[in-house]
Amino acid sequence: MIACPSNYNWIHCLAYGYHLEALLLEKPDHDKSIKASRIKAWTRTYQLFKAIGYEQIYQTKKLTLKHIGDMSEAKFNQLVDFCE
């Protein structure tokens, strides 16, 4: 689904996802060829780290874009509630 190239670590992928969603928010008429699963993961990454602070991305141990994108809505909401 959502994978980073093997030479990048998950922290960079989370940071990229965060910034890509920030760019999409500035340009709502973005290219529609971006997969919905990627946008979902980026949006959730942005929401989560906007709530707890961007710098927390660099403290993340195991959470990846794939984990964030694959979470059920209920589990993601629990995670956000826990982190706030």
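FYI, it's all coordinate maths here, none of it is from the lab. Keep in mind it's a predicted model, so treat the numbers as computed, not measured. Positions of Cβ are generated from backbone atoms using ideal geometry, with glycine treated the same way; all protein chains shown enter the neighbour counts.
Values for this structure:
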{"read-out": "Protection proxy ranking, peptides 14-21, 48-55, average beta carbon neighbours within 10 Å, highest first", "value": "14-21, 48-55"}
{"read-out": "Among (1) 18, 54, 27, 2; (2) 16, 34, 26, 15, 8, 2; (3) 17, 49, 25, 8, 1, the entry that matches P(r) over Cα pairs in 10 Å bins from 0, in percent as calculated here", "value": "(1)"}
{"read-out": "Ellipticity estimate at 222 nm from DSSP helix runs (n ≥ 4, -39,500 (n - 2.57)) divided over the chain, nearest 500", "value": "-19000 deg cm²/dmol"}
{"read-out": "Most to least packed among 68-76, 39-47 [average Cβ atoms within 10 Å]", "value": "39-47, 68-76"}
